[in-house]
1. Identify all lysines with a Cα-Cα distance to residue 3 below 30 Å; exclude those on the same chain that are fewer than 8 residues away in sequence.
2. State log₁₀ I(q)/I(0) for the range 1-104 at q = 0.13, 0.16 Å⁻¹ as given by the Debye formula over alpha-carbon point scatterers of equal weight, solvent excluded.
3. Treat each spin label as a single point 7 Å out from the Cα along the C-beta direction, and report the residue 36 to residue 5 distance in nm.
4. Determine the gain in length on full extension of the stretch residue 44-residue 83; use 0.36 nm per residue of separation and subtract their C-alpha separation, reporting nm with one decimal.
Amino acid sequence: MSKTKTYEAMFLVDSGKDFQTASAPINTILARSEAEVLSMKPWDDRRLAFEIKGRKRGLYILTYFKVDPAKVTEIEHDCQLNEEILRALILTGDDLTEEQINAETPATGGHKPDAPRAEGEGPREDDMDFDRDRDRDRDYRD
């Protein structure tokens, strides 16, 4: 057996499902490749900048796992073939600490998008998206 390495992956799946259902195809692919899942948690549910496979919203799932480096290409290929996984990005994560792997995400409480902003703090990303969309729509009407 080859030496395993740690990987960090961000998967984008359809947001119309609960986390357990949405993460099932990811678990299946990782299990097929004999990967050891260290952590899997929702990152955020967002409106996409453009439609991907007909979806306007997506759920980002952050996953840390250990696997034989020779199987990473197989995992990426399986993700491309799976219709439930819209996008996947896999990065090496050998330098990650246990604290980083178990850190909170925006969806698990690490960031409160509806929290009041401090005096002088810039606009939230959602506010900027709204402003951009409003300006774009106004330009189309003119």
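FYI, it's all coordinate maths here, none of it is from the lab. This is a predicted model, so every value here is computed, not measured. Here the Cβ is made from the backbone with ideal geometry for all residues, glycine too, and neighbour counts use every protein chain on show.
1. Of all the lysines, those that pass the test against residue 3 - Cα under 30 Å, at least 8 places apart if same chain - are 41, 66, 71.
2. Each listed q corresponds, in turn, to -0.45, -0.67.
3. 1.7 nm
4. Numbers: separation 39, 0.36 × 39 = 14.04 nm, distance 1.99 nm.
Residue separation times 0.36 nm, minus the Cα-Cα distance, leaves 12.0 nm.
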